[in-house]
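*Asks:* Quick one: the structure is below, questions incoming.
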Amino acid sequence: QLAFASKKAQDAGAAVQDRTADGLTKPLTEMMGSWDNFTFAPIRESTVSRAMTRRYFADLDAHAETDIVIVGAGSCGLSAAYTLGTLRPDLRITIIEAGVAPGGGAWLGGQLFSAMVMRKPADVFLREIGVPFDDEGDYVVVKHAALFTSTVLSKVLAMENVKMFNATTVEDLITRPDAEEGGAGVRIAGVVTNWTLVSMHHDDQSCMDPNTVNAPVVISTTGHDGPFGAFSVKRLVSMKQLEQLEGMRGLDMTRAEDAIVKNTREIVPGLIVGGMELSEIDGANRMGPTFGAMALSGVKAAEEAIRVFDM
Ligand code: AHZ
């Protein structure tokens with residue numbers, strides 16, 4: 001519904017209907033076969049620079065104050081973004097993704113294998129976004145994990161109320177004293193960001209201070225511990241909001257997926273944690289290459305975020 005809300009998307013929709021017998025759009029078939037005299041419309045380099053930078057800086061300006069930040073655009077973060085963006089077109093949603101390529105671990109099913117397994121009832125999310133699958137009874141299989149990831153990504157990016165800043169790392173959390181906790185606790189009030197390449201080189205470059213995004217609700221889905229993972233929950237420990245992390249346990253598919261969905265919740269006021277980042281707090285098992293819990297933890301994180309935002 002949202003994907004077709006904008007004028008641009010409506011124009012694209014109109015072109016889609018204008019198909020020739022071979023399945024291509026008429027403007028494309030008319031162009032084919034005339035390559036000898038082919039030229040692009042003219043452009044000056046500065047026009048390209050301005051077309052990009054004007055929009056980027058307008059987005060930075062608009063999203064300096066946002067409603068909900070999602071940290072990490074893996075399978076959980078993207079599922080959360082899809083759900084939030086669809087349910088609440090009135091909210092401004094900002095995704096911060098450290099990698100150049102969003103998607104986290106969801107471009108492959110497991111190891112180097114293409115197919116993605118989701119246990120039921122996560123097939124409801126695939127039906128929602130229109131990804132086809134083989135129904136194997138208790139579980140379903142998408143023929144390529146990249147089909148899931150590219151579909152949810154394309155739907156999220158087409159939403160008018162969502163902006164993704166990729167190649168950008170969250171390197172700290174903004175905090176405020178939480179009055180309800182009597183001064184001891186904090187509530188999360190946004191995130192501190194930097195270009196990922198800068199974040200990776202704080203040790204060998206002179207200081208380059210970060211930027212900030214204010215938001216009353218942050219959803220963190222940075223995955224389990226690793227070079228970048230479990231960012232927010234590790235920071236909660238170092239700022240003494242969590243005593244310690246239990247640490248992700250060994251693989252147990254059956255227990256792991258139920259636990260991740262069940263435990264998706266607000267960890268400190270204003271910070272909801274979903275996906276594999278949660279396993280580090282609770283000492284949940286990992287599930288390996290089954291992705292149903294990532295999609296449904298994202299849906300639950302979105303629901304939690306709306307509840308917290310509306311309080
Ligand atoms: O780049 C990271 C990835 O795209 C991004 N990220 C991590 N730290 C960040 C930071 N700022 C911005 N400080 C950051 N972005 O977060 C994304 C995490 O994606 P993921 O696929 O690693 O996590 P997920 O919880 O969405 O999915 C986990 C998938 C797994 S892991 C697993 C196992 O190990 O057993 N099984 C499954 C299904």
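Every number here is computed from the coordinates shown, using simple stated rules; none is lab data. From a predicted model like this one, the values you see are computed outputs, not experimental measurements. Cβ coordinates were reconstructed from backbone atoms using ideal geometry, including for glycine residues, and neighbour counts include every protein chain displayed.
*Asks:* 5 Å is the cut-off here: which amide hydrogens, built 1.01 Å from N in the peptide plane, fall below it relative to GLY223, excluding neighbours closer than 5 in sequence?
*Replies:* Here ALA230, MET276, GLU277 satisfy the definition.
*Asks:* Which residue fluctuates most in the GNM of the chain (Cα springs below 10 Å): ALA184, ALA284, ALA293?
*Replies:* Residue with maximal mean-square fluctuation among ALA184, ALA284, ALA293: ALA184.
*Asks:* Right, something else. Express the relative contact order of the chain as a whole percentage, based on alpha carbon pairs under 8 Å and six or more residues apart in sequence. Each step should come with its number before you reach the end.
*Replies:* Working: 603 pairs, mean separation 62.9, N = 311.
With pairs under 8 Å counted, the relative contact order is 20 percent.
*Asks:* Enumerate the amide H contacts of ALA189 below 5 Å, restricted to partners 5 or more residues apart or on another chain; note that Pro and chain-start residues carry no placed amide H.
*Replies:* Counting only residues 5 or more places away or on other chains, the set is ILE174, THR175, ARG176.
*Asks:* Continuing with the same structure: I want to check a number: in the chain, how many lysine pairs have alpha carbons closer than 27 Å, given a sequence separation of 8 or more or different chains?
*Replies:* Lysine pairs, 8 or more places apart or on different chains, close enough: 23.
*Asks:* Per DSSP H run of n ≥ 4, the term is -39500 (n - 2.57); total these for the chain, divide by its residue number, and report the mean residue ellipticity at 222 nm rounded to 500 deg cm²/dmol. Display every interim value, and only then the final one.
*Replies:* Numbers: 11 runs with 118 residues, N = 311.
Helix contribution divided over all residues of the chain: -11500 deg cm²/dmol.
*Asks:* Using R₀ = 41 Å, calculate the FRET efficiency as 1/(1 + (r/R₀)^6) where r is the Cβ-Cβ separation of GLN244 and ARG127; round to 0.05. Before the final figure, lay out each step's value.
*Replies:* Details: r = 40 Å, r/R0 = 0.97.
Using R0 = 41 Å, I get an efficiency of 0.55.
*Asks:* In percent, what relative contact order does region 53-197 have, based on Cα pairs under 8 Å that are 6 or more apart in sequence? Please list the in-between numbers first.
*Replies:* On the way: 239 pairs, mean separation 35.3, N = 145.
That works out to 24 percent.
*Asks:* Just to confirm my numbers, what's the Cα centroid distance between region 269-307 and region 72-93 in Å?
*Replies:* 14
*Asks:* Let me ask something else. Quick query: amide H of VAL217 versus all other amide H atoms, modeled in the peptide plane; which residues come in under 5 Å with a sequence gap of 5 or more or a different chain?
*Replies:* For VAL217, whose amide H was placed from the backbone, the distant partners under 5 Å are VAL69.
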